[in-house]
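Inspection log for the structure reproduced underneath, given as structure tokens.
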Amino acid sequence: MKVRFLLTAALATLSSFASTVQAEIKLPNIFSDHMVLQQGQENKIWGKGEPGETVTITLGDKKVTCKADGKGDWSAMLPSMGLGEPLVLKVSGSSTIEIKDVLIGEVWICSGQSNMQWSINASNDPDLEKLAAKFPKIRMINFPQKGSQESIWSHDDRKWMVTTPETVGGFSAVGYFFARQLHQTTDVPIGMINNAWGGSACEAWVNRSILSSEFPKLVDRWKGMEDEFAKLNSKADRNEQENKRLADLKRQMDGNARPGNIYNGVLKSHLGYGIKGAIWYQGESNAGRAYQYRDLFPRMIQNWRDEWGQGDFPFYWVQLADFQAEVKEPGDSEWAELREAQTMAMDKVPNSGQAVIIDIGEGKDIHPTNKEDVGKRLARWALAKQYGIQIDYQSPRFDSMSIEGDKAIVSFKHVGAGWRPFDVNEVIGFTVAGADKKFYNATAKILKDGRIEVSSPEVKAPVAVRYAWATNPVCNLFSKNGLPVTPFRTDDWPGVTMGRD
């Protein structure tokens, strides 16, 4: 009887302890000291607690309450707030959490693959940048790289950081330079949520259920591998070769290309946090399927917007830079087709824009170290469209073409004050083709009315013009505001990535 009594008492104690642990209020890591909340809109606050308990959220003079559901999940919308002094966010239920040094300002996502992940430490002049990084109202949170088919609720080891010479080295360089330009221009606190993952494929950022219904071939490519992994993983008596294969498969199962992996493993932990918009630098990993990207990339943006619940928030991306060896003669290019797909997205996606950086890549390095100009070109879009600053922001873009004898006459939009060829007076980068679809390097001349005349002695009857159509094109045409012409082609002849799923 004594043993039974002691066992019963122990179980009761364990049950009480388990209940206490379960009852603690918990917040995902996106809510931490030094966080920035989006001004001028309601902000979602969410967490976990005891099923059915009442949770009170207080920030400054704002106070809301909500009840946890049967699983202990709760959320509430904090009323809109304006700029002010740092505040304390207090969340109370069966326990209390206090988040200190909370600023109200502008919050942006910085996302994509390695060129967005690329740090200040690895960019131009890191020593000078760190010496000058004294911006207490610029904050950033770096999310880890976790691939999963199950949603990860929180990454508890990652918190918001204040910009100092000691912290900035690990910031996304593009994200930081974007934030710094916004902050210095508007004098408003800026928060950057950095969730970029080097080498990631676009499909990894999308809800897999969408991919299954709308891009079934993309998902089907993974099913054989997933079935093989499941079979090997369940086998009890694996040999050495099978264990090696299993380890290789696991890397891919947990990696950054599997459909839905980053959406679940990274994005879901902060999807719904109040933001102003997003900046994106990705595409290298999808260049071999550029035609597919025409639909996949806009669908990813729409997926984010639908689930974020903030309408068509601003979404600005970086077009791929120049890369690899320069080629003297015109030809096909996967990267040129991916850039075309990125440009097309501006016509499909409302409240979006593209920063063209065809002039600041490095042929020898897929990770050009000049990230400051990239951040500034993205910032131009935000300053003009979201903050009402009168500033040039969009690169010149092809508008129309007419044929006059043996010459093609090309018109552009967004030229602004006029043209400025870089380095030499000659306009470089145009090619022209006739009905045989064979392109030749062309002579280009700026006409008095701003149109560009394109011709080649090898093409007597031109039907198509291309500009900067190569992985690393030799081109030099800018508008006088310093923005490079958007690479383009006037034809729609089948490209090398057509039909690739």
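What follows is calculated from the coordinates using simple rules that are stated; it is not laboratory data. Just so you know, these numbers come straight off a predicted model, no measurement behind them. In this analysis, Cβ positions are derived from the backbone assuming ideal geometry, glycine residues included, and neighbour counts consider all displayed protein chains.
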For this session: For the stretch 330-338, take each phi angle, set θ = phi - 60°, evaluate the Karplus expression 6.51 cos²θ - 1.76 cosθ + 1.60, and give the result in whole Hz per residue in order, putting x for glycine and proline.
Result: x, x, 7, 7, 4, 5, 4, 5, 5
Problem set entry | Shape of the stretch 93-245, Cα gyration tensor, a/c cut at 1.5 | prolate
Exercise. Hey, which lysines would be in cross-link range of K231, C-alpha to C-alpha under 19 Å, not counting anything within fewer than 8 residues on its own chain?
Worked result: K223, K244, K250
For this session: Please give, to one decimal in nm, the separation of the simple spin-label points placed at K100 and D306, each 7 Å out from Cα toward the Cβ.
Result: 4.3
Problem set entry | Gained length - S154 relative to S80, 0.36 nm times residue gap less alpha-carbon distance | 24.2 nm
Problem set entry | Positive dipole terminus of the stretch 148-207, leading residue within G170, H183, W197 (C-beta point charges) | H183
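Just how large is the dipole of the stretch 290-333 about the Cα centre, in debye to the nearest 20, putting +1 at every Lys and Arg Cβ and -1 at every Asp and Glu Cβ? Intermediate results must be reported in sequence, preceding the final value.
Values: 4 positive and 8 negative charges, 21 e Å.
With only Lys, Arg, Asp and Glu charged at Cβ, the dipole is about 100 debye.
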Seminar exercise, completed: So the FRET efficiency between M225 and K448, C-beta based with R0 = 56 Å and rounded to 0.05, is 0.40
For this session: Name the residue farthest towards the positive end of the dipole of the chain from the options W46, Y316, P136, assuming +1 on Cβ of Lys and Arg, -1 on Cβ of Asp and Glu, about the Cα centre.
Result: W46
Problem set entry | Rounded to whole Hz, the Karplus (6.51, -1.76, 1.60) HN-Hα couplings of the stretch 423-439, x for glycine and proline | 6, 10, 6, 5, 7, 10, x, 8, 10, 9, 9, x, 5, 7, 6, 9, 8
Problem set entry | For the stretch 156-173, 3J(HN,Hα) per residue [Karplus equation, 6.51 cos²θ - 1.76 cosθ + 1.60, θ = phi - 60°, Hz, x = Gly/Pro] | 5, 8, 10, 10, 5, 10, 8, 6, 9, x, 7, 9, 5, x, x, 6, 4, 5
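Evaluated at 37 °C with a viscosity of 0.692 mPa s, what Stokes-Einstein diffusion coefficient in µm²/s does the chain have when Rh comes from the Kirkwood expression over alpha-carbon pairs? Spell out each step's value before the answer.
Values: Rh = 25.2 Å.
Rounded to a whole number, D works out at 130 µm²/s.
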Exercise. Can you give the Kirkwood hydrodynamic radius of the stretch 299-407 from its Cα pairs, in Å with one decimal?
Worked result: 16.2
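Given the Cα-Cα distance of V463 and L232 and 0.36 nm per residue of separation, how much length would full extension add, in nm? Don't skip to the answer; put the middle values down first.
Numbers: separation 231, 0.36 × 231 = 83.16 nm, distance 5.63 nm.
Contour length minus the Cα-Cα distance gives 77.5 nm.
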Exercise. How much mean residue ellipticity at 222 nm does the chain get from its helices, if each DSSP H run of length 4 or more adds -39500 (n - 2.57) and you divide by all residues, to the nearest 500 deg cm²/dmol?
Worked result: -8500 deg cm²/dmol
Problem set entry | Simple label model, 7 Å out from Cα along Cβ direction - A325 to D248, nm | 3.0
For this session: On a C-alpha basis, how far is the centre of the stretch 235-262 from the centre of the stretch 432-501 in Å? Whole number, if you could?
Result: 45
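Could you list C202, C110 in order of exposure, starting from the residue whose Cβ has the fewest other Cβ atoms within 10 Å? Write down the numbers at each step before the final one.
Values: C202 24, C110 27.
By the 10 Å Cβ count, ascending, the order reads C202, C110.
Given a Förster radius of 56 Å and the C-beta distance between R500 and I389 as r, what FRET efficiency does 1/(1 + (r/R0)^6) yield to the nearest 0.05?
Values: r = 41 Å, r/R0 = 0.73.
My answer for the efficiency is 0.85.
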For this session: Quick one: which residues, 5+ away or cross-chain, put their amide H under 5 Å from the amide H of R420? H built at 1.01 Å from N.
Result: F478, S479, K480
